Amino acid sequence: MRVGFIGLGNMGRPMAKNILQKGFPLIVYDIVPTAMSHLIDQGAQGASSPKELAGRVDIVITMLPDAKAVSSVLEGEEGVFAGARKGLLIVDMSTVAPSDTQRLAQEAMARGLRYLDAPVSGGVAGAEAGKLTIMVGGKEEDYKQCLPLFQCMGERIYHVGDIGSGNAVKLVNNLLLGINMIGVAEALTLGVKAGLKPEVLLEVIKNSSGQSYAFTSKVPSFILSGHFKPGFSINLQHKDIELALQTAKECNIPLLLGSVAYQVYTLARGKGWGQEDISAVIKLWEEVAGL
Ligand code: NAD
């Protein structure tokens, strides 16, 4: 199986490295040429464009910032569609709206290509350790063909339904994370202002019904130290809630807490904290509380 990987950023670079280390021949491309050099040094081949890459592989994985970038990599003049042979399998692991995935998959299938959406959870640390959770939407036989590649990058791999389902699961997860994080910020500030030590709150609540991933992971990793870099950024969380709101609009579903959460992350971005971990939203409450 000859594999191509496009988008070698914070997530894509370690994911591609794990595929390479498991012995798969790998061809890489990134719009920023220096992003490829680390992988080329380790034995990957570089491509001059997504089009050229597509002509040399059986599977193309994309790990790009957003749907606009995915569309340009696939549909652009120098894109994957222009260079692909019939039957090529495109696996988009970026986080995009399910409707964007479905549109791109339809365009791919109209050209005789195959498509999976396979967004991930677990962050840069999970990508580096090969321990991502991967949520896959698409046909069973395509999923099975890709499973050995997914197993290079992830530990928990779920085939969750048709094309777009992977991104739907991802958006539900990240909507919950974004809302939970704000709940933690608000409740923790109240506790501290009421005279409690945050360490005491951490110990009791991680063993009580108020616990969540946002609480048990983010409080010890970031909030107690007051250092909010690096992590899962406010910019990415903002993008993911935006995608959830877009999807809710398409489904005619109200997202009351999601809308408020979106405004909180917009405010945090306005404060200049976009690159900080999402737990940095607690600073909004701390400012008001004088902590
Ligand atoms: P990133 O910005 O670090 O990397 C994106 C890479 O894509 C960059 O190297 C960039 O040069 C490249 N790129 C952009 N446009 C391109 C184009 N037109 N052609 C070729 N290459 C192009 O982003 P990331 O943190 O690696 O995230 C990638 C995706 O994974 C996003 O959709 C994000 O939402 C999702 N995600 C990120 C995390 C995380 O913790 N960082 C966790 C889960 C999911």
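Observations on the model:
- Any chance Leu201 is within 30 Å of Leu224 (Cβ to Cβ) and either within 16 Å of the ligand (Cβ to nearest atom) or in contact (Cβ under 8 Å) with a residue 60 or more places away in the chain (or both): no
- For the range 116-135, the set of residues classified as more than 10 Å from the ligand (Cβ to nearest atom), buried (at least 20 other Cβ atoms within 10 Å of the Cβ) and small (Gly, Ala, Ser) consists of Ala118 only.
- One residue from Gly183, Gly166 being without any contact (Cβ under 8 Å) to a residue 40 or more places away in the chain and part of a helix (DSSP H, G or I): Gly183
- For the residues Asp100, Asp92, the requirement of being crowded, with 21+ Cβ neighbours inside 10 Å and either among the polar types (S, T, N, Q) or over 24 Å from Pro148 (Cβ atoms) (or both) singles out Asp100.
- Hey, Thr189 of a type in the set (Ser, Thr, Tyr) and assigned by TED's automatic domain parsing to the domain that holds Leu224 or not: yes
- Filter result for Asp92 (within 12 Å of the ligand (Cβ to nearest atom), within 26 Å of His238 (Cα to Cα) and either in contact with an Asp or Glu (Cβ under 7 Å, 6 or more places away or on another chain) or not assigned by TED's automatic domain parsing to the domain that holds Leu20 (or both)): yes
- Enumeration of residues in the range 205-254 that are in contact (Cβ under 8 Å) with a residue 60 or more places away in the chain and away from the ligand (no atom under 16 Å from the Cβ): Val219, Glu250
- Looking across Lys86, Lys22, one residue alone is touching a Cys at 6+ places or on another chain (Cβ under 6 Å), away from the ligand (no atom under 16 Å from the Cβ), closer than 20 Å to Arg2 by Cβ and not assigned by TED's automatic domain parsing to the domain that holds Glu242. It is Lys22.
- Count of the range 25-77 residues which are within 11 Å of the ligand (Cβ to nearest atom), in contact with a Gly (Cβ under 9 Å, 6 or more places away or on another chain), free of Cβ contacts under 8 Å to residues at least 40 places away in the same chain and not in a helix (DSSP H, G or I): 7
- Residues (modelled with pLDDT under 95 and part of a loop (DSSP other than H, G, I, E, B)) located in the range 78-136: Gly122
- Exclusive hit being within 26 Å of the chain's Cα centre (by Cα) and in contact (Cβ under 8 Å) with a residue 40 or more places away in the chain, set Leu171, Leu188: Leu171
- Residues located in the range 180-214, provided they are closer than 19 Å to Leu236 by Cα and buried (at least 20 other Cβ atoms within 10 Å of the Cβ): Met181, Ile182, Val184, Ala185, Ala214
The values are calculated or read from the model by the stated rules, or taken from the named source; none is laboratory data. Everything numeric in this text was worked out from a predicted model, so none of it was measured. A quick note on method: Cβ atoms are made from the backbone with ideal geometry, for glycine too, and the neighbour counts reach across all protein chains shown.
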